[in-house]
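The next block holds one structure in the form of structure tokens; read it before the comments.
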Amino acid sequence: VDIDKSNSIVTRSRTGNGTSVRTCSTSQPSQPPVHRSSQNFDEMIKRRHLQAKKSILVEVNSRYVFHDLCEYCQQFGYVKNAIHYRINNEKEVFIFEFENNEAVKNLLTQCSYPEDDEIVPVHSRLLLFGSEALNHDSSCQTLFESVNPPTQAQILKELLEARNVSEQMIKLHQSEQLSDLGSRLRFLICSQLEEALTGMFPNCQVFPFGSSVNGFGKNFCDLDMILSLNTVQNNPTSRLKFQTKKAFANDRMQTQRTLETVGDILQNFVPGIAQVQRILQARVPILKFHHIPTGIYCDLSISNKCFLNLSIFFMDFTLWRELPGQSKLLYLCGELDPRIRPLVYTVRKWARENHLTHDVPGRWISNFSLSLMVLFFLQARSQPLLLPLMDLVHMAGKSDKTLPDDMENTLQKGLWCPPSENTEDLEILLKEFFLFYEKFNFKERGLSLVTGHSMVKPDYSPLYIENPLEQELNVSKNVSSEEVERFSTCIRTALWKLELNNVKNNHDLWGILKLFDPKAAENQNDPQTVKGFQVSALFNGVNDSNTLVYKDGLNSFVYR
Ligand code: CTP
Ligand code: MG
């Protein structure tokens, strides 16, 4: 294994056919290519799932043990990819992906426990590399490049230096989108949970959904997961049957009981998991926890359904309308035009920085609802950038335009439509998005992505967004009228800011950065320690030496 001078870690291995070289890019991935006909959601899920099963996560004292660690691991099999990251600027971690599962199994049989009497002797793929092997290879120092996502300071610098608003939006998307590392870590957590439960439930699977897989995820977004205890179809003809215990007749009670027990297992036995909270009385009972070696916050729910395999999971008739179906729908929509994701990311960032969205659910708008609002707006352009879902179903080859049965088939095939004739750039689209919702009659009308038109609201919810896959439901039922009012107020402010200052200038926040600059009361007293883009007090004009200073506790830079 070598590390080359470019932004790549290179792994080499001698095989019977000679030397094979694979590289793992350590820089941010470039914008994903546009796919018109897309089956690749299922493929992506499957690939990531298998990749996670072939990977281990190793905490080290110093990244400079890399050569030692590689050498040690290669005795068990070919290391296909090696990725390094740091967590909280303290822990150093490597992910090693092997060529096959056998190597991981071999390696695990050779692992031992730390010499400490007070441990629970659990097997997992979260490992430590002994410090006695520390061979500080100084040649690594100049060569090593790790894959930590860009800091807020770096993103801010990029956006300040962009040429125009459209470029700012593209850069924002590129910097914030979930990286390869982010996806690997999320699937690794799912895989770790599966392994923890496989003794009793050998056919269990943990499926990620939501922003971790729907193409609108950010680095540091939470991880939503569903646990299914059995993914194998029962064989009623077998004469040997398992002895089992009776489940509660009430599904909800069974879910609560199972989650409670899983919560205990995670808290007491599974390494890396902390702060387990059992939210069992919610409409959808969940476990919340923090996965420390990855820094990811997780929500785990349970499905009582039985799934055959991954692709059926996403297609299963009884389930496709539920959460994973929506993740797939959003993913496929995002692939139809390269402007869709940068626009969604910008709107989500604007909402976040203006406190319209929050980490926890509540009476405010969710990121999921916001994404649907952007898609609806794109359908409503005079020259649509996205077709109504019923038309996409039609284009997939169905004559009957009723949803959702045909949507199931459509999702299975992947969305397809000819390129849009809309040529508006991102800057125009952003402004039009605000104008569209400034005028939208939220009091009387709701949004239907199925028809691509607004509809008379069927109830008195302040915000009504028809669930595309379960049309009788409102995705934004939770949102209060005060929040809708705040949304409208923030839109008017955004329009005013865009009008006022959307051209690049060298000594102030400009373009979308203005939108991310709320007058956050908590920041006004202490401009030196503001976080993220909440830099209003600091960036209010230019300071004496004609410089802008950014600090967030970890990073700082001066922009002249
Ligand atoms: N969901 C839903 N109805 C809602 C809210 C959420 O069906 N009212 C589903 C969506 O499929 C959503 C998923 O639950 O993608 C996860 O919800 P959430 O974590 O709130 O949204 P994400 O899309 O994951 O966005 P993020 O976590 O980045 O805020
Ligand atoms: Mg989420």
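The values are calculated or read from the model by the stated rules, or taken from the named source; none is laboratory data. Computed from a predicted structure; not experimentally measured. Note that we place each Cβ from the backbone using ideal geometry, even for glycine, and neighbour counts take in every protein chain shown.
The table below gives the values:
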{"read-out": "Tally of residues being buried (at least 20 other Cβ atoms within 10 Å of the Cβ) and within 12 Å of ligand 1 (Cβ to nearest atom) across the range 335-355", "value": "5"}
{"read-out": "Selected residue (only one of Gln192, Gln256, Gln243 is modelled with pLDDT of 90 or more and under 17 Å from Ile296 (Cα atoms))", "value": "Gln192"}
{"read-out": "The listed residue being away from ligand 1 (no atom under 16 Å from the Cβ) and under 22 Å from Asp359 (Cα atoms), out of Gly215, Gly263, Gly199, Gly210", "value": "Gly263"}
{"read-out": "Flag for Phe201 being within 16 Å of ligand 2 (Cβ to nearest atom), in a loop (DSSP other than H, G, I, E, B) and surrounded by fewer than 21 Cβ atoms within 10 Å (Cβ to Cβ)", "value": "no"}
{"read-out": "Any chance Ile226 is buried (at least 22 other Cβ atoms within 10 Å of the Cβ) and of a type outside the set (Gly, Ala, Ser)", "value": "yes"}
{"read-out": "Selection count where residues are away from ligand 2 (no atom under 16 Å from the Cβ) and either in contact with a Lys or Arg (Cβ under 8 Å, 6 or more places away or on another chain) or touching a residue at least 60 places away in the same chain (Cβ under 8 Å) (or both), scope the range 204-226", "value": "1"}
{"read-out": "Lone unmet requirement of (1) assigned to a loop (DSSP other than H, G, I, E, B); (2) surrounded by 21 or more Cβ atoms within 10 Å (Cβ to Cβ); (3) in contact with a Ser or Thr (Cβ under 8 Å, 6 or more places away or on another chain) for Gly215", "value": "(3)"}
{"read-out": "Subset of the range 221-260 that is more than 28 Å from Val122 (Cα to Cα) and not in a loop (DSSP other than H, G, I, E, B) - its residue that is farthest from ligand 1 (Cβ to nearest atom)", "value": "Met253"}
{"read-out": "Count of residues meeting criterion [part of a helix (DSSP H, G or I), at pLDDT 90 or above and out of contact with any Lys or Arg (no Cβ under 6 Å at 6 or more places or on another chain)] in the range 405-433", "value": "7"}
{"read-out": "Hits in the range 115-129 (condition: more than 18 Å from Cys70 (Cα to Cα) and surrounded by 10 or more Cβ atoms within 10 Å (Cβ to Cβ))", "value": "Ile119, Val122, His123, Ser124"}
{"read-out": "Complete set of residues in the range 66-110 that are out of contact with any Phe, Trp or Tyr (no Cβ under 9 Å at 6 or more places or on another chain) and in a loop (DSSP other than H, G, I, E, B)", "value": "Gln75, Asn88, Asn89, Glu90"}
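Residues are listed down the side, and each one gets a yes or a no for (1) surrounded by fewer than 20 Cβ atoms within 10 Å (Cβ to Cβ); (2) closer than 28 Å to Pro361 by Cβ; (3) among the aliphatic types (A, V, I, L, M):
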residue: Glu432; (1), (2), (3): yes, no, no
residue: Pro468; (1), (2), (3): no, yes, no
residue: Leu473; (1), (2), (3): yes, yes, yes
residue: Ser476; (1), (2), (3): no, yes, no
residue: Glu483; (1), (2), (3): yes, yes, no
residue: Leu498; (1), (2), (3): yes, no, yes
